[in-house]
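A.B. asks: Have a look at this one before I ask anything.
The values are calculated or read from the model by the stated rules, or taken from the named source; none is laboratory data. Just so you know, these numbers come straight off a predicted model, no measurement behind them. Cβ coordinates were reconstructed from backbone atoms using ideal geometry, including for glycine residues, and neighbour counts include every protein chain displayed. Accessible surface is based on the protein model in full, side chains and every heavy atom, while ligands, DNA and RNA are left aside. Shrake-Rupley method; radii C 1.70, N 1.55, O 1.52, S 1.80 Å.
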Amino acid sequence: MKKSFSRIKRGAALSLAAILLLLSCACGKGGETGKESGNGSDSAAGTAGVTGPVEIPDLERHIHAISELNTTVYPLDSAAGEEQNSTLMRNYRESYKLPKEQMADIEAYYPRIKVLPDGSFFMIFHNKLHGNTVYGVLSQDGVTWGEPYAIFSPQKLTFDGVSEKRIYMTPDACVLSDGRLLAVTSYRSNKNYKTEIDRNGVAIKLSEDGGKTWGEEQIVYVGTNWEPSALEADNGEILIFFSCTAPSVYQLGVDKFEYRSSGVGCVRSKDGGKTWTPNVTGAPYLPQYVMRQKVSNFSGTSIMRYTDQMPVAIQLNNGTIALAAESALKDGGNYRFSICYTDDYFAEDVGMEKTGPANRQSNLFDLAGPYLSQFDSGEVLLTNHWGTTFRYRLGDCTAHTFYSDKTLYPEAGMWGSCEKVTSHSAVITVATEEFEIMVSRMYLNHRLHAHKITPSMYADPAEWENSTDALFCGSNSQAQVSLRVGYDDDNIYLLAERLDKQITGDDAISIYIDDGTESGYFRMTVGNEGIVSMDHKPKNSVQGEPVDLAAEGVRATVWVDGTVDSDTDEDNGVIYEIALPRTLLKVEGNLRFIFDLVNCDKAGDIALTEAAQPDASFRNKSNWFTASFE
């Protein structure tokens with residue numbers, strides 16, 4: 001007899017004789033045509049026939065979140081040469097907004113998040129659009145944050161009997177190799193920023209307890225600047241980079257402030273932050289210039305303008321330091337992305353009269369406010385804002401080639417950041433113009449290393465404990481799925497774990513598998529009751545050919561933990577385990593595939609499809625996911 005779990009409540013699937021569906025196609029779904037896919041709109045012919053239910057052991061099953069997977073450690077830059085096929089997927093469940101009332105009513109802006117040695121999180125930001133006070137806030141899990149507290153507070157100062165304030169803005173932080181936390185910020189005169197160069201500068205503080213308490217403020221550079229960032233290199237040096245205009249203002253005179261030029265200044269410490277070189281305390285306010293670009297004369301003048309500003313640096317997995325900046329190509333705008341590289345820790349001083357260093361790429365694409373991070377596998381993450389949008393793109397392991405940009409937030413503010421959290425995840429943050437902090441956890445999808453396994457087909461993830469490489473899809477709603485690949489001499493196995501608080505009868509996953517030809521592929525859709533359909537679309541064919549699942553030996557086990565089509569309780573999710581015979585797929589070498597998450601959060605609503613590889617094409621499978629076999 002057929003057994004449907006469409007109305008069985010959570011846990012009942014285990015109590016009713018532990019009967020799960022081991023099907024060659026869907027119960028009650030046979031003959032239904034495939035729905036439009038996020039990877040394309042081809043129709044699949046339905047497949048009829050049912051093998052019936054099979055009794056399997058009564059097991060405790062755990063549906064893994066993506067944060068629990070991808071635990072295998074691989075060599076650094078293991079994705080080198082394949083970075084163009086990698087994707088970054090936002091996790092809807094781990095993304096959120098921090099409104100002002102959750103930040104002590106502070107108008108928070110310019111956020112940077114850092115992961116501390118114990119796995120907890122530190123956020124640093126300033127208040128108001130252009131700063132005044134620099135704050136910190138701590139979190140154990142990166143989701144629930146404590147009470148913000150001031151790190152750098154405005155100071156009342158008096159010059160020639162006239163009072164003013166030193167205010168702080170554009171902060172950043174760096175976790176040092178000895179566990180200390182360094183906070184760095186620009187400061188300036190609130191009344192005489194343009195005319196009193198020596199009342200502006202860069203300051204730091206150090207914390208030895210993960211940001212709970214801080215040492216004394218230390219001024220490491222005197223002169224007009226903005227947007228500092230810090231990097232500890234593998235030689236032990238701490239380098240602070242900043243947008244530096246002070247030498248230009250001093251050279252031209254403060255009455256020509258509007259003709260100031262920028263460039264990336266640098267000071268460094270070789271003793272853990274005790275002393276800094278060059279030790280700039282006054283005129284001519286020259287730091288070491290490590291990046292600067294000659295642009296053109298200011299309009300209507302003979303004054304040459306230089307650029308490169310808002311710097312951020314990372315030391316790549318290969319040891320090279322990559323320093324990114326925005327470059328303003330016109331008076332007051334037209335920002336482009338520039339990046340330079342060093343293997344000698346910026347030994348050269350570029351100076352004020354030339355473009356440098358020589359090892360650089362200039363003005364690659366439109367961008368403002370860049371920030372960099374890198375995954376262990378090599379992919380470089382670049383975030384930036386442009387207009388009202390906040391964007392990201394991935395680059396190769398040398399940070400020389402960057403791929404197409406993606407919009408993360410269509411309506412956001414300026415000056416966000418990114419930080420690697422685990423080997424396969426990063427956190428991206430930016431504030432809105434309403435001073436709300438947006439935080440998104442992003443997960444990396446790239447080549448899977450499939451492990452040899454012969455599962456019992458009980459939809460039991462515990463059997464896959466030694467095979468944690470997984471892909472993720474789940475940006476658009478609370479429903480999400482992770483997908484793993486295994487193999488033995490006879491079959492290719494897929495394990496998909498779906499977390500879904502509202503399971504409906506239209507929920508499914510669709511999987512597309514390369515058949516080894518230029519444009520041919522197999523397509524399978526699996527729902528709550530088993531395989532809905534599977535067909536083969538040969539090269540240059542318009543219509544798919546149904547696959548005889550029973551004859552080919554295709555199998556699928558589905559375990560549902562929840563109440564389908566009911567909004568009276570909160571469900572947990574679904575496990576899909578699939579066996580695909582090698583004789584059918586004719587896999588030689590790597591397996592190439594893509595997949596979609598089909599989700600409907602309310603019975604009767606239209607099901608929405610989300611692609612794990614949004615840029616995938618059926619006509620060009622070069623950027624399909626790859627699973628390699630041991």
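A.B. asks: Have a look at T224, M414, P154 and report the one farthest towards the positive end of the charge dipole of the chain, computed about the Cα centre with Cβ charges (Lys/Arg +1, Asp/Glu -1).
C.D. replies: T224
A.B. asks: A further question on this structure: Taking R0 as 56 Å, what's the FRET efficiency between T301 and S566 from their Cβ-Cβ distance, rounded to 0.05?
C.D. replies: With R0 = 56 Å, the Cβ-Cβ based efficiency is 0.20.
A.B. asks: Work out Dmax and Rg for the chain from the C-alpha atoms and quote the Rg first, both in angstrom.
C.D. replies: Both quantities, over Cα of the chain: 28.0, 95 Å.
A.B. asks: How much net charge surrounds G81 when only the other residues with a Cβ under 15 Å from the Cβ of G81 are counted, with Lys and Arg +1 and Asp and Glu -1?
C.D. replies: -4
A.B. asks: Moving on. Filter the cross-link list K100/K128; K100/K406; K205/K274; K330/K354; K114/K274; K452/K537 down to pairs whose alpha-carbon distance in this structure exceeds 20 Å.
C.D. replies: Long pairs (Cα-Cα over 20 Å): K100/K406; K114/K274; K452/K537.
A.B. asks: What is the gain in length, in nm to one decimal, between K270 and T320 on full extension, counting 0.36 nm per residue of separation less the C-alpha to C-alpha distance?
C.D. replies: 16.1 nm
A.B. asks: Using DSSP to call loops (not H, G, I, E or B), can you name the trypsin sites (Lys or Arg not before Pro) in the range 208-313 whose Cβ has at most 14 other Cβ atoms within 10 angstrom?
C.D. replies: Taking the range 208-313 and a limit of 14 other Cβ atoms within 10 Å, the loop trypsin sites (Lys or Arg not before Pro) found are K212, K270, K274.
A.B. asks: Of the listed peptides 484-490, 444-450, what is their order by residue-averaged count of other C-beta atoms within 10 Å, with the highest listed first?
C.D. replies: Final packing ranking: 444-450, 484-490.
A.B. asks: Taking Cα pairs under 8 Å and at least six residues apart, what relative contact order does the range 383-539 come out at, in percent?
C.D. replies: Answer for the range 383-539 is 11 percent.
A.B. asks: Here is a follow-up. Relative contact order of the chain, please, whole-number percent, based on alpha carbon pairs below 8 angstrom and at least 6 residues apart.
C.D. replies: Averaging sequence separation for qualifying contacts and normalising by length gives 17 percent for the chain.
A.B. asks: Taking R0 as 56 Å, what's the FRET efficiency between A283 and D209 from their Cβ-Cβ distance, rounded to 0.05?
C.D. replies: Approximately 0.90, to the nearest 0.05.
A.B. asks: Now a separate question. Quick one: work out Rg over Rh on the C-alpha atoms of the range 117-254, Rh as Kirkwood radius.
C.D. replies: A ratio of 1.00.
A.B. asks: Please give the per residue accessible area of the chain, computed with a probe of 1.4 Å over protein heavy atoms only, in Å².
C.D. replies: Counting only protein heavy atoms, the per-residue value for the chain is 39 Å².
A.B. asks: For the range 575-630, which trypsin sites (Lys or Arg not before Pro) pass both filters: DSSP loop (anything but H, G, I, E, B) and at most 14 other C-beta atoms within 10 Å?
C.D. replies: Here the sparse-neighbourhood loop sites are K586, K602, R619.
A.B. asks: How large is the helix-only mean residue ellipticity at 222 nm for the chain, computed as the sum of -39500 (n - 2.57) over DSSP H runs with n ≥ 4, divided by its residue count, in deg cm²/dmol to the nearest 500?
C.D. replies: Helix contribution divided over all residues of the chain: -500 deg cm²/dmol.
A.B. asks: With charges set only on the Cβ (+1 for Lys and Arg, -1 for Asp and Glu), what does the dipole of the chain come to about its Cα centre, in debye to the nearest 20?
C.D. replies: Charge dipole, the chain, about its Cα centre: 1740 debye, nearest 20.
A.B. asks: Share of antiparallel DSSP beta bridges in the range 263-315, in percent to the nearest 5?
C.D. replies: Here the antiparallel bridges make up roughly 100 percent for the range 263-315.
A.B. asks: Let me make sure I get this right: for the range 234-349, a, b and c are the square roots of the gyration tensor eigenvalues over alpha carbons, sorted descending. Under 1.5 in a/c it's rounded, otherwise prolate if a/b > b/c, else oblate. Which is it?
C.D. replies: oblate
A.B. asks: Mind checking which aspartates and glutamates have their C-alpha under 19 Å from K294, skipping anything on the same chain fewer than 8 residues away?
C.D. replies: Cα-Cα hits under 19 Å: E258, D308, E326, D331, E348, D349, E353, D366.
A.B. asks: Also, I was wondering about something else. Mind giving me the nanometre distance, one decimal, between the label points for S617 and S177, set 7 Å out from Cα along Cα→Cβ?
C.D. replies: Each label point is offset 7 Å from its Cα along the Cβ direction, giving 4.6 nm.
A.B. asks: Determine which lysines satisfy two conditions relative to K539: a Cα distance under 24 Å, and not lying fewer than 8 residues away in the same chain.
C.D. replies: Straight-line reach from K539, under 24 Å: K35, K586, K621.
A.B. asks: Continuing with this model, one more query. I need to check one value: relative contact order of the range 279-432, counting alpha carbon pairs closer than 8 Å and at least 6 residues apart, in percent.
C.D. replies: Contact order relative to length: 17 percent.
A.B. asks: Related question: Straight-line reach from K191: which aspartates and glutamates fall under 15 Å, measuring Cα to Cα and dropping same-chain residues less than 8 apart?
C.D. replies: Of all the aspartates and glutamates, those that pass the test against K191 - Cα under 15 Å, at least 8 places apart if same chain - are D160, E164.
A.B. asks: To the nearest 20 Debye, how big is the dipole of the range 124-235 about its Cα centre, given +1 on the beta carbon of each Lys and Arg and -1 on that of each Asp and Glu?
C.D. replies: With only Lys, Arg, Asp and Glu charged at Cβ, the dipole is about 600 debye.
A.B. asks: Can I ask one more? Shape verdict for the range 329-407, please, from the Cα gyration tensor: rounded (a/c under 1.5), prolate (a/b greater than b/c) or oblate.
C.D. replies: Here the range 329-407 falls in the oblate category.
A.B. asks: Grab the beta carbon distance between T583 and K452, set R0 = 22 Å, and tell me the FRET efficiency rounded to 0.05.
C.D. replies: 0.80
A.B. asks: Given the whole protein assembly as supplied and a 1.4 Å probe, what does the accessible area of T281 come to in Å², nearest 10?
C.D. replies: We get 100 Å² for T281.
A.B. asks: How about the range 403-485: which GluC sites (Glu not before Pro) there are in a DSSP loop, with at most 16 other Cβ atoms within 10 Å of their Cβ?
C.D. replies: In loop regions of the range 403-485 (DSSP not H, G, I, E or B), the sparsely surrounded GluC sites (Glu not before Pro) are E411, E433, E434, E465.
A.B. asks: Put D209, D343, D331, D469 in order of accessible area, largest first, 1.4 Å probe: what do you get?
C.D. replies: Greatest to least solvent exposure: D343, D331, D209, D469.
A.B. asks: Oh, and also: Could you size up the charge dipole of the range 524-622 around its Cα centre, putting +1 on the beta carbon of Lys and Arg and -1 on that of Asp and Glu, and report it in debye to the nearest 20?
C.D. replies: 960
A.B. asks: Would the range 301-365 count as rounded, prolate or oblate if I go by the C-alpha gyration tensor, calling it rounded below 1.5 in a/c and otherwise prolate when a/b exceeds b/c, oblate otherwise?
C.D. replies: Because a/c hits 1.5 or more and a/b fails to exceed b/c, the range 301-365 counts as oblate.
A.B. asks: What distance in nm lies between label points placed 7 Å from Cα along the C-beta direction at H130 and E353?
C.D. replies: 3.4
A.B. asks: Leaving ligands, DNA and RNA out of it, rank I219, I513 by accessible area with a 1.4 Å probe, largest first.
C.D. replies: From most accessible down to least: I219, I513.
A.B. asks: Tell me, what % of the accessible area of the chain is carbon and sulfur with a 1.4 angstrom probe?
C.D. replies: It is 47 percent, rounded to a whole number.
A.B. asks: Once label points are set 7 Å from the Cα along Cα→Cβ at both N540 and L364, what is their separation, rounded to one decimal in nm?
C.D. replies: 3.9
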